[in-house]
Amino acid sequence: MSVKKTTTNRARIDEYDPKIYPVKIWVGKNCTLKDIRKRFVRRDGGEIEDRWDPEHNPQTLYIKDRNTDLYGVLITFPKDKATSEEYVQWTAHEAEHAKFSIFLDTGIDSNWESQEADAYMVGFVAKCIWRTMFGKK
């Protein structure tokens, strides 16, 4: 698992490469909408909307890196400290959104026969989230 880190002030965005899929996974911690818009755009090149406030709600965005034009997902977690139970719930929830997007991008169907691939990808994304949120190497 390779990781590239970008830190501005207190915001942190780590980049993960799943290697077998042609997309990136970015995990943001303590990001503001301004931090996100500085580095990313929507996949169509437009500005990211402010439907959710990344300072208070976890979210998964389907984005493109402004500098590299690489596609992927950005998962952000809020500044506010949450309980361990909330982090577990948020991680599972956002990892499923990320998996869905990655599979959609790569043409992989999610169905009864794909359970092992689904579980592997959700686990991989959850590990990326854990490394960013808790600094585990």
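Applying the condition of being touching a strand residue (DSSP E or B) at 6+ places or on another chain (Cβ under 7 Å) and assigned to a loop (DSSP other than H, G, I, E, B) to segment 9-31 and asking which residue is nearest to F134 (Cα to Cα) yields N30.
Considering S114, S110, S84, S101, the condition of being of a type outside the set (K, R) and in contact (Cβ under 8 Å) with a residue 40 or more places away in the chain is satisfied by S101 alone.
The numbers here are math on the coordinates, done by the rules we state, and not lab data. Everything quoted here is computed from the prediction, not taken from an experiment. FYI the Cβ positions are ideal-geometry reconstructions off the backbone, even for glycines, and counts take in every protein chain you see.
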